[in-house]
Each structure stands twice: as C-alpha cells, then as structure tokens.
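S.K.: Got a structure for you, written out below as structure tokens; questions coming shortly.
The values are calculated or read from the model by the stated rules, or taken from the named source; none is laboratory data. Keep in mind it's a predicted model, so treat the numbers as computed, not measured. Cβ placement follows ideal geometry from the backbone for every residue including glycine, while neighbour counts extend to all protein chains displayed.
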Amino acid sequence: MNSETPRRPALLLDRDGVLNLDHGYVGTWERFDPIPGAARTIAAANRAGWAVVVVTNQSGIARGHFTEAQMHALHARMRAHFEGQGARIDAIHHCPFLPGAPLPQWDAQSDARKPGPGMILRAGRELGLDLPASALIGDRESDMQAARAAGVAGHLFPGGDLWAFAAPRLPALARADAGAGPASGATAAPEAGRIASADGRAQKSGLA
C-alpha cells in the first residue's frame with residue numbers, strides 16, 4: 001500500500017456468536033441464523049468509513065464437519081444477505097487449522113488461529129488499516145486475546161442485539177448511524193469486497 005494513503009480503522013468481527021447464532025460448527029447457509037442488529041452495525045461502520053473485516057476460526061473444517069468449499073459458499077450467501085440490507089463486508093479471513101485435527105491436512109499450529117493475532121495483522125497489512133484505531137467484537141476470551149496481541153481494542157459480546165451492544169462502545173459508528181457521516185479523516189470504502197483465504201501454516205511453536 002502507498003505509504004501516503006491514509007490508513008483507516010476497521011471493525012473486526014468474529015463470526016459465530018457475533019454475526020450469527022452459534023449452533024456449533026455452522027458450515028451451511030441452512031444453519032446460519034443472523035444475530036439481531038448485525039446488519040445495522042456493519043452498515044454504520046460502512047458509513048463511518050471503516051473497513052469491515054470478519055476474522056473467524058473455522059475448526060469445523062479440520063474436524064470434518066464441513067469442507068472449506070462449503071464454508072466459502074456460506075460466506076458468499078452471508079455477504080449477499082447483508083449487502084441486501086445495505087451492509088458491506090470488505091474482507092473475510094478464516095483459519096481452518098487445528099493442532100491434533102482428525103484431518104491431517106489441517107493438523108497444524110498457526111498464528112492465524114485465535115488467540116493468535118495472525119488474521120488481524122494480515123488484514124491490517126492487506127487493507128492498510130489503522131489497527132490502534134480499530135475495534136474487534138467477539139464472544140470469546142480468545143477473541144479478546146487476539147485483539148490485545150494485535151494492538152486492537154476488544155469488546156466481549158455477551159449476545160443479544162449487536163447494534164445495542166456496539167453503539168455505546170463505538171461512538172464513530174453511532175454518529176454515522178445517526179447521519180453525522182464519516183468521522184474526520186475517514187477514507188472512502190473500497191468499491192468491492194474480498195474474501196481472503198486462511199493464512200499459511202506457521203512453524204510449530206513451543207506453546208501448548
């Protein structure tokens with residue numbers, strides 16, 4: 001990215017439990033139930049000039065519950081669903097790796113898997129994000145650990161309506177939702193979103 005291009009903040013979102021109800025290893029559209037307020041939260045970030053990036057562990061692939069192709073098909077439907085409500089997701093990063101996975105091709109330690117910060121840092125590089133000005137919403141402590149490791153503010157979502165949770169914690173989004181427009185210094189959103197594949201395998205670490 002051109003060093004003269006202003007960096008912009010991002011709203012980083014876990015998927016299961018934040019964008020959809022967590023029924024356990026959701027890998028098909030038929031099992032995807034959107035969380036109330038998710039579309040409004042994404043749309044407010046769009047209007048604020050923030051990037052919207054999904055960062056999601058998907059060990060269901062490594063466990064054999066669904067394939068990576070099925071997950072990509074689900075994500076295409078998910079994005080279309082939100083876009084139909086005026087809410088654009090700019091990028092999706094997923095990590096299918098799981099140490100000790102029953103499927104050997106996914107049996108690896110990766111810093112992309114939360115609580116590692118790999119997915120967040122990769123999104124920061126690829127989209128030119130201002131990570132210290134960004135925020136992550138997740139429903140697990142591993143999300144909060146990943147956020148801290150990446151230098152991003154983390155907000156632990158207890159469930160319920162996502163917008164009711166996000167609005168008082170992210171005033172830039174609340175202002176945009178109210179019609180105040182992008183915050184000062186915000187840059188235009190990209191013309192089209194993207195789906196990013198998982199980060200590559202990391203070398204084995206000494207950590208459990």
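S.K.: In the range 109-138, how many are surrounded by fewer than 20 Cβ atoms within 10 Å (Cβ to Cβ), of a type in the set (Gly, Ala, Ser) and assigned to a loop (DSSP other than H, G, I, E, B)?
M.R.: Going through the range 109-138 one residue at a time, the tally reaches 1.
S.K.: Quick one: in the range 110-151, of everything that is in contact with a Phe, Trp or Tyr (Cβ under 7 Å, 6 or more places away or on another chain) and of a type outside the set (A, V, I, L, M, F, W, C), which residue is nearest to Ser59 (Cα to Cα)?
M.R.: Step by step, filter the range 110-151, then rank; the result is Arg113.
S.K.: Filter the range 139-161 down to the residues that are over 20 Å from Phe97 (Cβ atoms), under 14 Å from the mean Cα position of the chain (by Cα) and assigned to a helix (DSSP H, G or I) and list them by number.
M.R.: Met144
S.K.: Could I ask something else about it? Out of the residues in the range 139-166 that are touching a residue at least 40 places away in the same chain (Cβ under 8 Å) and among the small types (Gly, Ala, Ser), state the one that is surrounded by the most Cβ atoms within 10 Å (Cβ to Cβ).
M.R.: Across the range 139-166, the extreme among qualifying residues is Ala146.
S.K.: Just wondering, is there one or more residues in the range 182-193 that are surrounded by 14 or more Cβ atoms within 10 Å (Cβ to Cβ), modelled with pLDDT under 95 and under 14 Å from the mean Cα position of the chain (by Cα)?
M.R.: Yes, there is a match, as at least one residue in the range 182-193 is surrounded by 14 or more Cβ atoms within 10 Å (Cβ to Cβ), modelled with pLDDT under 95 and under 14 Å from the mean Cα position of the chain (by Cα).
S.K.: Name every residue in the range 1-16 that is in a loop (DSSP other than H, G, I, E, B), buried (at least 20 other Cβ atoms within 10 Å of the Cβ) and in contact with a Gly (Cβ under 7 Å, 6 or more places away or on another chain), in order of residue number.
M.R.: If the condition is that a residue be in a loop (DSSP other than H, G, I, E, B), buried (at least 20 other Cβ atoms within 10 Å of the Cβ) and in contact with a Gly (Cβ under 7 Å, 6 or more places away or on another chain), then Asp14 is the only one that fits.
S.K.: In addition: Being among the small types (Gly, Ala, Ser), at pLDDT 95 or above and over 26 Å from His155 (Cα atoms) is true for just one of Gly64, Gly86. Which residue is that?
M.R.: Gly64
S.K.: Could you check how many residues of the range 127-138 are over 13 Å from the mean Cα position of the chain (by Cα) and not hydrophobic (A, V, I, L, M, F, W, C)?
M.R.: 3
S.K.: Okay, moving on. What's the total number of residues in the range 18-60 that are surrounded by fewer than 19 Cβ atoms within 10 Å (Cβ to Cβ) and within 20 Å of Gln145 (Cβ to Cβ)?
M.R.: 2
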